[in-house]
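Before any comments, here is the structure.
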Amino acid sequence: MATIYDVGKHAAVPAASASPAINNTSYGSPELRKRVEEAVRELNYSPNLLARGLAIQKTQSPGVLVPDIASFFFQEVVHGAEDKAQKGKAINLVNSGNQLDKEGVHWKQFLSKRLNEILRLSTSTAKSQSR
């Protein structure tokens, strides 16, 4: 898989110039942008979303925390969330099994992954495992 460095090399520009051209944040010349766009096409380049997430401190993926994935209601909500997620972005889905302590663990994991959105679904039947 081609990297941003491969694109820069192919377009005869530094990777630091290729990246802004790809992300449309550059005021570079139209010729530079054209060379980078051509390199992207020829190399079939797609950005590394993990690297981008590290750089901006967000994953650009939503998280969905459900109490019971077997519930038809929650399946429908997750399906709708998946439809609304931006194209090419995977949803981080976790099931708490109606256990509040497990839900807390998942919540902390979502925060540590720097998810940019978290949808928490709950029911009044959630139980603590410590009973």
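The values are calculated or read from the model by the stated rules, or taken from the named source; none is laboratory data. What you see is a predicted model; the values in this text were computed from it and never measured. Cβ atoms come from the backbone with ideal geometry, glycine included; neighbour counts cover every protein chain shown.
Things worth noting here:
- Sub-8 Å Cβ pairs linking a first residue in region 62-78 that is charged (D, E, K, R) to a second residue that is assigned to a helix (DSSP H, G or I), at least 6 apart or interchain, are ASP68/PHE74, ordered by first then second residue.
- Top-ranked residue in region 7-23 [being under 23 Å from the mean Cα position of the chain (by Cα) and of a type outside the set (A, V, I, L, M); ranked as modelled with the lowest pLDDT]: ASN23
- Once region 73-131 is narrowed to residues that are touching a Pro at 6+ places or on another chain (Cβ under 8 Å) and acidic (Asp, Glu), the residue that is modelled with the lowest pLDDT is GLU117.
- Among the residues listed as GLY63, GLY8, the single one being closer than 30 Å to LEU100 by Cα, of a type in the set (Gly, Ala, Ser), surrounded by 14 or more Cβ atoms within 10 Å (Cβ to Cβ) and in contact with a helix residue (DSSP H, G or I) (Cβ under 7 Å, 6 or more places away or on another chain): GLY63
- Every residue from region 85-117 that is of a type in the set (A, V, I, L, M, F, W, C), free of Cβ contacts under 8 Å to residues at least 40 places away in the same chain and part of a loop (DSSP other than H, G, I, E, B): ALA85, ALA90, ILE91
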